[in-house]
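Worksheet for the structure shown next.
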Amino acid sequence: MDYDEEKATFLHDNISINKYRNCLEKFYPNELKRLKLNIGKTALLRIFFCLLLLFIILFRGYILCFLGFLNCYLTWPFSAPLHVKIDLLNLSNEPKGHEYIPRRMHHILLGPMSKSPPESWIASRNSCIELHSKFEEHYYWTDENGMEFLQKNYPWFVKTWTSYKTYIQKADALRYFVLHYYGGIFLDMDLYCLHKLDGLFNYLDNRVSSEEHIFLAVKAFPVGISNGFLITTRQHPLLKRVIENLELYNRNFLLPHATIIISTGPMCISIQIQLNRSLWSSILVLDGKENMIGGKTNTPLFKHLGSGSWHQADDMFFKNIPMNIQHQNQTFSISIIVFILFIFVFFIGRYRNFFKGSLQRIF
């Protein structure tokens, strides 16, 4: 008897539910469709948030690198370390005090070319050695002694160093380590010295004390610094930050040139400059178009042979940007920021009711 009553009650409830559903579909069809649509949107939004979280977890390294690159590119035109214009040819070559920057010169050449370097590169290096024959040391780093140096002083980095796909990445990374350990000056092999650098060393020595650091690099185009000509004291904290983050930036950024400049090249060290503003008091950027090193050109101190052997085809994309845009870095950066803000405000404004209702249902 109890079973029959429960069965009858269950059937009655189902009939009532079906009648209620039919009534709703008959009199409130639009409301039901809207309810189903909102439920579907809520489910899609939950899926989107889950996928977004998974994406962030899987690609967090790339995201950090991209944010660092974006920060450097957008903020450098407005806020950067001190840019100095120096009359390089009229500096005194006579020392006026203590030499805080080690008089050590570094050149690096890796790969097969280190066995038989181009004659023009040999002449370039010899020109710098002859003009600075009184320097403490003139280092010539190759695959063999570079590996020995890292194994002895920075063994934790050997695995990353050997994982680089190109020799220029290895050379880029190695220069940061030798300058951090020894200090002094690094010069690319294709820089032919035209004048002595003693006056510039004295100028930098006079700006620091025994307990301070100094780092000098040439302004790059369109933002950041070049890493082909660097002068620094030993153990500079900027170089410490760079070598600590090389493993993070050791990634494939699709384009060969982008991979090189971001993983180890000029953008790599420029990113760290913008992320470590507390170090700006010890960083100088040599300003002036006449001092910029790019292509075959002469500067007051160097003749740049402009080898550019590591530049790939994708570099042409950056070089072919209209010059009127490139020379207006601040206007270009403002345009990017305004465009991003416009898209954000437009999207949020158009779908604000949907996001508000969906988020309330989720949380």
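The values are calculated or read from the model by the stated rules, or taken from the named source; none is laboratory data. These figures come from a predicted structure and were not determined experimentally. Reconstructed Cβ throughout: ideal geometry from the backbone, glycine too, with neighbour counts over all protein chains shown. Each accessible area value is taken on the protein alone, full model and side chains, heavy atoms only, with ligands, DNA and RNA left out. Shrake-Rupley method; radii C 1.70, N 1.55, O 1.52, S 1.80 Å.
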(message) Test of understanding: among L301, L255, L305, which residue is at negative phi, surrounded by 15 or more Cβ atoms within 10 Å (Cβ to Cβ) and modelled with pLDDT of 90 or more?
(response) L301
(message) Residue under question is I225, and the condition is that it be in contact with a His (Cβ under 8 Å, 6 or more places away or on another chain) and aliphatic (A, V, I, L, M); does it hold?
(response) no
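Consider D2 carefully, then state whether it is open to solvent by 60 Å² or more (accessible area, probe 1.4 Å), modelled with pLDDT under 60, farther than 24 Å from A258 by Cα and out of contact with any helix residue (DSSP H, G or I) (no Cβ under 9 Å at 6 or more places or on another chain). Explain how you work it out, then say what you get.
Details: open to solvent by 60 Å² or more (accessible area, probe 1.4 Å): yes; modelled with pLDDT under 60: yes; farther than 24 Å from A258 by Cα: yes; out of contact with any helix residue (DSSP H, G or I) (no Cβ under 9 Å at 6 or more places or on another chain): yes.
In short, yes.
Output the number of residues of region 131-144 satisfying the condition of being over 22 Å from L194 (Cα atoms) and surrounded by 13 or more Cβ atoms within 10 Å (Cβ to Cβ). So that I can check it myself, show each step before the final result.
Of the residues in region 131-144, the ones over 22 Å from L194 (Cα atoms) are 141-144.
The next check asks that each one be surrounded by 13 or more Cβ atoms within 10 Å (Cβ to Cβ); those that pass are 141-143.
Residues in region 131-144 being over 22 Å from L194 (Cα atoms) and surrounded by 13 or more Cβ atoms within 10 Å (Cβ to Cβ): 3 in total.
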(request) Select from region 203-251 the residues that are more than 18 Å from L187 (Cβ to Cβ) and more than 18 Å from the chain's Cα centre (by Cα) and list them in ascending order. (result) D205, N206, R207, V208, S209, S210, E211, E212, H213, Q235
(request) Those residues that are open to solvent by 10 Å² or more (accessible area, probe 1.4 Å), in contact with a strand residue (DSSP E or B) (Cβ under 9 Å, 6 or more places away or on another chain) and more than 16 Å from L279 (Cα to Cα), I need them from region 212-226; list them, please. (result) K219, A220, S226
(message) Among the residues of region 271-283, are any open to solvent by 40 Å² or more (accessible area, probe 1.4 Å), in a loop (DSSP other than H, G, I, E, B) and either more than 25 Å from W156 (Cβ to Cβ) or of a type outside the set (A, V, I, L, M, F, W, C) (or both)?
(response) no
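Would you pick out the residues in region 113-130 that are closer than 30 Å to N93 by Cα and buried (at least 17 other Cβ atoms within 10 Å of the Cβ)? Before the answer, list the steps.
First, pick out the residues of region 113-130 that are closer than 30 Å to N93 by Cα: 119-130.
If the condition is that a residue be closer than 30 Å to N93 by Cα and buried (at least 17 other Cβ atoms within 10 Å of the Cβ), then W121, S124, R125, C128 are the ones that fit.
Regarding region 161-171, can at least one residue be identified that is touching a strand residue (DSSP E or B) at 6+ places or on another chain (Cβ under 7 Å) and either over 17 Å from I101 (Cβ atoms) or open to solvent by 50 Å² or more (accessible area, probe 1.4 Å) (or both)?
Scanning region 161-171, I find at least one residue that is touching a strand residue (DSSP E or B) at 6+ places or on another chain (Cβ under 7 Å) and either over 17 Å from I101 (Cβ atoms) or open to solvent by 50 Å² or more (accessible area, probe 1.4 Å) (or both), so the answer is yes.
When region 81-92 is examined, which residues are found to be assigned to a loop (DSSP other than H, G, I, E, B) and over 29 Å from the mean Cα position of the chain (by Cα)?
As a first pass, look at region 81-92 and keep what is assigned to a loop (DSSP other than H, G, I, E, B): 81, 85-87, 91-92.
Those that are assigned to a loop (DSSP other than H, G, I, E, B) and over 29 Å from the mean Cα position of the chain (by Cα): D87, L91, S92.
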(request) For region 93-100, state whether one or more residues are under 28 Å from the mean Cα position of the chain (by Cα) and surrounded by 13 or more Cβ atoms within 10 Å (Cβ to Cβ). (result) no
(message) Residues to consider are L70, L110, L74; find the one that is surrounded by fewer than 17 Cβ atoms within 10 Å (Cβ to Cβ) and not aromatic (F, W, Y).
(response) L70
(request) Could you please give the count of residues in region 67-80 that are under 10 Å from G224 (Cα atoms) and part of a loop (DSSP other than H, G, I, E, B)? (result) 3
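Among the residues of region 96-106, is any farther than 16 Å from L204 by Cβ and free of Cβ contacts under 8 Å to residues at least 40 places away in the same chain? Outline the logic, then answer.
Taking region 96-106 as the starting set, the residues that turn out to be farther than 16 Å from L204 by Cβ are 106.
Remaining after also requiring free of Cβ contacts under 8 Å to residues at least 40 places away in the same chain: none.
Within region 96-106 (the criterion being farther than 16 Å from L204 by Cβ and free of Cβ contacts under 8 Å to residues at least 40 places away in the same chain), the answer is no, since none of the residues qualifies.
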(request) Taking G199 as meeting all but one of (1) touching a Phe, Trp or Tyr at 6+ places or on another chain (Cβ under 9 Å); (2) under 26 Å from G306 (Cβ atoms); (3) open to solvent by less than 40 Å² (accessible area, probe 1.4 Å), write down the number of the exception. (result) (1)
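Quick check on N126: is it over 13 Å from L187 (Cβ atoms), in a helix (DSSP H, G or I) and not aliphatic (A, V, I, L, M)?
Working: over 13 Å from L187 (Cβ atoms): no; in a helix (DSSP H, G or I): yes; not aliphatic (A, V, I, L, M): yes.
No.
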